[in-house]
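Colleague: Dumping the structure here so I can ask a few things about it.
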Amino acid sequence: MLVREKVPAKVNLTLDVLGIEGNYHNIKSLVASINVYDTVTLIKRADKRITLKVIGFPIKCPVQENNAVKAAVAFMKKFQTRGVSIIINKKIPVAGGLGGSSADVVAVLKGMKKLFDVDADVMPIANELGSDCGYMMNGGYAVISGRGTEVDRKFVEKSIPLILISSPENVTAKNCYGTYDKLGKVYPACTDEAEKLLVKGNIKGLAELMKNDLEEASFNLAPNAKFPKEVLEFVGAEKVLVSGSGPTVYGVFATQSARDAAFRKLSPLFGERAIKANTIADQPINK
């Protein structure tokens, strides 16, 4: 028996760092799911083993350190199930600030619930494995705060055209926040105002306001990511930003046609590293 789960990546439309509490940075961030997905296939095993196979973007960490495997181990221990074989078709760039690892955690937890017919809340497991895993369980537009585990869902019927450019360099959140601390800079918060503009559908106003407090730190760790940002600005993006801890950068475009025209120019330069995407809009509610 097998199940298949498809979980989208996310982008940070804003990211305010608001200080440190204990071992974590407090943040406030306007986030959105995008139509770039990892697809995770889970096959029920007769034993207690957990195996992993990855196709697509390679994952370089040891198998036992992979968060999808950690999610399966935690689920198996909590609910006393048998093991699984995990196959990840990885389309979300690795260590790029797009939530790919968290997407895989969510896919495994949702898939194992179906596979073993478990009707229980797996959110505590998700939150233990990553600060944004709780958000990724449902995705969509949201404001996340605290260490990223507090989620305030926003219902927005607007899809934003994007171009993402991934980097051959990898940046971990831990290293990015450490570099941010060393830089010692403080930026004015923008998430609350950005949220209001998004809800109103004012994407141009939103783009003018967007910023990511981790961007300079991310570029310090992955300096080659500055070039894609400059190119996206040159081809007409309304705003170009690092997502999360980066180093993936993305450009916001006013229209689908403007985005598509820019993508035609960028695709020969960046190849598969250039990804055409949209934020995932909520469906209109029939009244």
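Colleague: Take the residues of the range 167-221 that are small (G, A, S) and surrounded by 18 or more Cβ atoms within 10 Å (Cβ to Cβ): which is farthest from V249 (Cα to Cα)? Let's see the steps before the verdict.
Modeller: Within the range 167-221, the subset small (G, A, S) is 167, 173, 178, 184, 189, 194, 201, 205, 207, 217-218.
The next check asks that each one be surrounded by 18 or more Cβ atoms within 10 Å (Cβ to Cβ); those that pass are 167, 173, 194, 207, 217-218.
Working: S167: 8, A173: 15, A194: 19, A207: 14, A217: 13, S218: 10 Å.
Taking the candidates together, the pick is A194.
Colleague: A follow-up question, please. Given the condition of a type in the set (K, R), assigned to a helix (DSSP H, G or I) and over 23 Å from N35 (Cβ atoms), answer yes or no: does some residue in the range 251-274 qualify?
Modeller: Pass one, the range 251-274, residues of a type in the set (K, R): 259, 264-265, 273.
With the extra rule that they be assigned to a helix (DSSP H, G or I), the set shrinks to 259, 264-265, 273.
Cutting the leftovers down to over 23 Å from N35 (Cβ atoms) gives us none.
For the range 251-274, residues of a type in the set (K, R), assigned to a helix (DSSP H, G or I) and over 23 Å from N35 (Cβ atoms): absent.
Colleague: Residues of the range 214-243 being in contact with a Phe, Trp or Tyr (Cβ under 9 Å, 6 or more places away or on another chain), among the hydrophobic types (A, V, I, L, M, F, W, C) and over 25 Å from V186 (Cα atoms), which ones?
Modeller: Across the range 214-243, the qualifying residues are V231, L232, V235, A237.
Colleague: At pLDDT below 95, more than 30 Å from F219 (Cβ to Cβ) and assigned by TED's automatic domain parsing to the domain that holds V40: which single residue out of Q80, Q64 fits that description?
Modeller: Details: Q80 fails: at pLDDT below 95.
Answer to the selection: Q64.
Colleague: Could you check V143 against (1) over 22 Å from A274 (Cβ atoms); (2) of a type in the set (A, V, I, L, M, F, W, C); (3) modelled with pLDDT under 95 and say which number it fails?
Modeller: Every condition holds for V143 apart from (3).
Colleague: Please verify whether the range 42-58 includes one or more residues that are assigned to a strand (DSSP E or B), over 29 Å from V199 (Cβ atoms), touching a Ser or Thr at 6+ places or on another chain (Cβ under 7 Å) and free of Cβ contacts under 8 Å to residues at least 40 places away in the same chain.
Modeller: For the range 42-58, residues assigned to a strand (DSSP E or B), over 29 Å from V199 (Cβ atoms), touching a Ser or Thr at 6+ places or on another chain (Cβ under 7 Å) and free of Cβ contacts under 8 Å to residues at least 40 places away in the same chain: present.
Colleague: Continuing with this model, one more query. Can you pull out every residue in the range 190-232 that is touching an Asp or Glu at 6+ places or on another chain (Cβ under 9 Å) and hydroxyl-bearing (S, T, Y)?
Modeller: Hit for the range 190-232 is T191, nothing else.
Colleague: Taking V186 as the residue in question, decide whether it is of a type in the set (V, I, T), over 24 Å from A95 (Cα atoms) and without any contact (Cβ under 8 Å) to a residue 24 or more places away in the chain.
Modeller: yes
Rundown of residues vs (1) over 19 Å from the mean Cα position of the chain (by Cα); (2) among the charged types (D, E, K, R); (3) in a loop (DSSP other than H, G, I, E, B), yes/no style:
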{"residue": "N89", "(1), (2), (3)": "no, no, no"}
{"residue": "L98", "(1), (2), (3)": "no, no, yes"}
{"residue": "V143", "(1), (2), (3)": "no, no, no"}
{"residue": "E157", "(1), (2), (3)": "yes, yes, yes"}
{"residue": "I163", "(1), (2), (3)": "no, no, no"}
{"residue": "E169", "(1), (2), (3)": "no, yes, yes"}
{"residue": "C176", "(1), (2), (3)": "no, no, no"}
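Colleague: If I filter the range 140-155 down to residues being under 17 Å from L15 (Cβ atoms) and small (G, A, S), which single residue comes out as surrounded by the fewest Cβ atoms within 10 Å (Cβ to Cβ)? Before you say what the answer is, go through the steps one by one.
Modeller: We begin by selecting, within the range 140-155, every residue under 17 Å from L15 (Cβ atoms); these are 141-152, 154.
From the residues that got through so far, the ones that are small (G, A, S) too are 142, 145-146, 148.
On the way: A142: 22, S145: 17, G146: 15, G148: 24.
If we take residues in the range 140-155 being under 17 Å from L15 (Cβ atoms) and small (G, A, S), then G146 is surrounded by the fewest Cβ atoms within 10 Å (Cβ to Cβ).
Colleague: A further question follows. I'd like the residue in the range 5-35 that is in a loop (DSSP other than H, G, I, E, B) and touching a strand residue (DSSP E or B) at 6+ places or on another chain (Cβ under 8 Å) and, out of all such residues, is farthest from I88 (Cα to Cα).
Modeller: Restricting attention to the range 5-35, the residues satisfying the condition of being in a loop (DSSP other than H, G, I, E, B) are 13-14, 22-23.
Cutting the leftovers down to touching a strand residue (DSSP E or B) at 6+ places or on another chain (Cβ under 8 Å) gives us 13-14.
On the way: L13: 27, T14: 29 Å.
Result: T14.
Colleague: A further question on this structure: Out of curiosity, is S101 out of contact with any Ser or Thr (no Cβ under 6 Å at 6 or more places or on another chain) and assigned by TED's automatic domain parsing to the domain that holds M136?
Modeller: On the way: out of contact with any Ser or Thr (no Cβ under 6 Å at 6 or more places or on another chain): yes; assigned by TED's automatic domain parsing to the domain that holds M136: yes.
So S101 passes the test.
The values are calculated or read from the model by the stated rules, or taken from the named source; none is laboratory data. Everything quoted here is computed from the prediction, not taken from an experiment. A quick note on method: Cβ atoms are made from the backbone with ideal geometry, for glycine too, and the neighbour counts reach across all protein chains shown.
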